[in-house]
Every structure is written in structure tokens, then in C-alpha cells.
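A short write-up of the structure that comes next.
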Amino acid sequence: MSITLPSPLSSSSAPAGSRTLARRAAIPLSIYAVSLASLLTMVGILWDISWHRSIGRDKFLSPPHILVYLGAIFAGLFSGIQVLYNSFFRKEAAKAADVRVWGIFYSPLGSLFCIWGAIAMLTSAPFDDWWHNAYGLDVTILSPPHTLLALGMIFLQFGACVSICKYLNADAAGPAAGGRRALLQFLFVVSALSLLTMVYTLGTEYLNIRRMRSALFYSIAAVVSLLFLPAFGKALRMKWGITAVTGGYFLLVAITNWILQLFPAEPKLGPILTHITHFQPANFPALVIVPAMAMDLILQRSKAGDWVKAFWLSLAFVVLLVAVQYPLSGFLLESPYARNWFFTSNTYYFGLSPNAPFRYKFRPDDIASLPMMMEGLGVAVLLGALFARISLRWGRWMQNIQR
């Protein structure tokens, strides 16, 4: 495939005419569609995880699967229509504002990511059904079909962010657009929080309550968070952008958890060791919003170079995350006051025994010794600084997307 794309590293890479054209253009329907699709697919995944915990895998076209695949169809269809419209009905304008593909099509850069992501997601559907029929239930989250689905979702959600950046950057280059800019920022936050929730969900094996008293939790959290959050903060061009994205992540997971528990569900797959009557949601979301506020302050006030800024971002993230999650993990796992609808600590997979000795307390190997914890946190800060530096560079690229 041949793609003609100007360098995204400089704001002068696109002609002034294309920037003016993008600035004056109305927000296309595909932007709303891919942002909504990002959210719907993530709600579908959270619902699907709860479905497996509560009912088991009973059929290919279960309601959460349908929601996920409808999101993929929604994003792919609207992005594809936008490409065809640009290529055959507004070709001259598209030459100045879009990416040329195969010498025929003209597409916004973000739409290409969305289309590729939608194709990967829809391809994973029959692959996953065949995989289950051939090998039975998955023992890990990242089976081959699930990996393909996850990559497709990440491409789709990232493509939604890139698509919105084109219009955010055009507005930033011209007069203040008021409500339009606020709307674009809102759509970006929706797409970005969906992407953040997706990467946290993929890391569930390491980012759960029992891991919060080991250094590995903070290393994984630092890597996946700092790879994205500084870039989102820069791309959003708003004072509290990282806080908005992490607050949105918290609300998405928490509200989904709270709603799911209201609906009845019973296991259909043995062995059934714990009797349940309602959907069992995921863990209470991590309070990433606390270090996010400190990261926003650093981006607002620091005039240091990117390496120094990346170090401070990582240090603030790791220290503040430890400060909130370490004690919170004890409350969520061990306190009877957390076993309710709000904190969801009383939820349980039906295939586990209700009389497990460590159901409501940490196992000895869950808790790292102080020397191991301090050494691991040092590694987490260093890893976080490296990924924050990459993210700052990536954010600068997103600030200069014009097509």
C-alpha cells in the first residue's frame, strides 16, 4: 500500500491553505461516530468480562459480544464512508487536507487507524469462536483471538484520538472557537479514556487488588499510564487534560460496575462452586486521578527539558499512586465495609470456592518486603521516566497533526 503523508513532526508540514480549510470545515459525522464507538466497544468488553465471571461463555453472539462488534462496524462504516466521500465527491479539497492512499483514496490519518482497527476486531470474532470450539475456555486474557481483538480496539481508539487532533490543532492555529473547541476536547477525552481503560484491562493480571502491595503493580502501571497520559495531556491543549482522562476512566469503570450489579445473572457453565444471582463486576477502579492532577501541574508549570520533565512526571505518578493504592488495597480486600454495591469487593467468580482461606485477605506472597518494595519502586520510576519521555515526544507529534 502506498500512502503519501507529510512529516507530522512540524506544524509547517501541511500547507497554510490546508490548515485554513480544516479550521473552517465543520466537524464531520465520522468524528462523533468513532468517539462513540470507542466508548461502546469498551463498555462491551467490561460487560463481557462480567458475563464470563457471572454466566460463563454460553454462545458466540452474547449481548456484550454484539455490542463490541457493533462498535467496530459503526467506526469502520462511518470512517469508510468518510474516505469514499472525500475521494469521489470532494477530491480537490481532500488533496490539501487528507492523506492519499493507493493513489485513489483520500483519507484523514485517523480514519485509516479506525478502519484497520475495525477490520481486526471483526476478523477476531469468527477466530475467537473457532478457538473456543477447538480448545475450550481461555486460561489467559491474551489468547491469540483476544490479542487480535485488543489490538483492533487500540487501533480504533487511537485512530479516534488522531482524527480529533486534526480539528483541535486547526482550531488552535486560528481564532478561539469556543464551544467547538470544548466539544472536540470532550470527544477526545471520551476516546482517550476508552483507550486508557483498554490498556488497563489488558493488564488486569498484574493490575488487580492483590498486586497492589508488590512493586510489579507500580512498574506495570507506570509503563502503561505514562506511555499515554503525557501525550493525551499535550494533545488536549487544556489545563487539566490528564485529570479529565483519568477521571473519565474512573467513572466509566465504576458506573459500569454499579449498573451491572442491578441485573440478574446465573452461571451456565460448571463447575459452579459459588452461587450467584446477579452480574459480578470488575474490581473497583484504580485512583489514577490522584497522580494525574500532579502530572497536570508539572506540565503546566515546568520549564525544564523533556528528560527532566519526564522524570518528575514519573516520580509524581509512582509516589502518589503508592500513597493511595497501597492503603486502599487493604480496605478493598480485607474490610467488611468494602463488601457492598459501591466498592464491589463482595463480587466473586462462580468457579471459585466461597470458603477459600484467602478470599478476604492477602496471601503472604502478595506482600513485598520493604527492601524489595523500595528497589521495585525505583525501577518503576526509571521505567516510567523512559515511557513518559516517549509520550511527551508522541504528544508533540499529536499537536502537529494536520491531516
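The values are calculated or read from the model by the stated rules, or taken from the named source; none is laboratory data. Not measured: the values here are computed from a predicted model. Don't worry about glycine lacking a Cβ; one is built from the backbone with ideal geometry, like all the others, and counts go over all protein chains shown. When the accessible area is computed, the model is the full protein with side chains, heavy atoms only, and any ligands, DNA or RNA have been set aside. Shrake-Rupley method; radii C 1.70, N 1.55, O 1.52, S 1.80 Å.
Just to be sure I understand the model, the point goes 7 Å from the Cα along the line to the Cβ. What's the resulting D129 to L297 distance in nm?
For D129 paired with L297, the spin-label model returns 5.3 nm.
Arrange the residues K166, K361, K268 by how much accessible surface each exposes, largest first, with a 1.4 angstrom probe. All intermediate terms of the calculation are to be shown ahead of the outcome.
On the way: K166 10, K361 95, K268 145 Å².
Reading off the accessible areas and sorting them downward yields K268, K361, K166.
Quick one: Kirkwood hydrodynamic radius for the stretch 190-308, alpha-carbon pairs, angstrom, one decimal?
When all Cα pairs of the stretch 190-308 are included, the Kirkwood radius is 16.1 Å.
Provide Rg and Dmax in Å for the stretch 273-331, with only Cα atoms included in the calculation.
Reported Rg and Dmax, both Å: 17.2, 57.
Cα extents of the stretch 33-81 along the three principal axes, largest first, in whole Å?
37, 17, 8
Compute, for the stretch 357-403, the length of the dipole vector about the Cα centre, with Cβ point charges of +1 (Lys, Arg) and -1 (Asp, Glu) only. Units Debye, rounded to 20. Provide the component values of the computation, followed by the final result.
Details: 7 positive and 3 negative charges, 74 e Å.
For the stretch 357-403, the charge dipole is close to 360 debye.
Can you give me the % of accessible surface on the stretch 265-403 that is carbon or sulfur? Probe 1.4 Å, all protein chains present, nothing else counted. Let's see the in-between values first.
Working: 4780 of 7060 Å².
After summing per-atom areas, the C and S share lands at 68 percent.
Report the FRET efficiency, 1/(1 + (r/R0)^6), for A26 and L70, where r is their Cβ-Cβ distance and R0 is 30 Å, rounded to 0.05.
Details: r = 26 Å, r/R0 = 0.86.
Approximately 0.70, to the nearest 0.05.
Give me the percent of the accessible area of the stretch 152-222 that comes from carbon and sulfur atoms, probe 1.4 Å, all protein chains in place. Can you show the working numbers first?
Values: 1300 of 1970 Å².
Solvent-exposed carbon and sulfur of the stretch 152-222 make up 66 percent of the total.
Over the stretch 232-326, with the other protein chains present, what is the accessible area per residue in square angstrom, probe 1.4 angstrom? Each step should come with its number before you reach the end.
Details: 4340 Å² over 95 residues.
Per-residue value: 46 Å².
Could you run the Debye sum over the Cα atoms of the stretch 249-403, one equal point scatterer each and no solvent, and tell me log10 of I(q)/I(0) at q = 0.09, 0.13, 0.20 Å⁻¹, two decimals?
Each listed q corresponds, in turn, to -0.45, -0.82, -1.23.
Calculate, for R181 and V324, the FRET efficiency according to 1/(1 + (r/R0)^6) with r their C-beta to C-beta distance and R0 30 Å; round to the nearest 0.05.
0.40
Report, as a whole number in µm² per second, the diffusion coefficient that Stokes-Einstein gives for the stretch 327-403 at 20 °C and 1.002 mPa s using the Kirkwood radius over alpha carbon pairs.
Numbers: Rh = 16.5 Å.
Rounded to a whole number, D works out at 130 µm²/s.
Given a Förster distance of 41 Å, report the FRET efficiency between L151 and D366 from their Cβ-Cβ distance, rounded to the nearest 0.05. Working shown, then result.
On the way: r = 31 Å, r/R0 = 0.75.
FRET efficiency, L151 to D366: 0.85.
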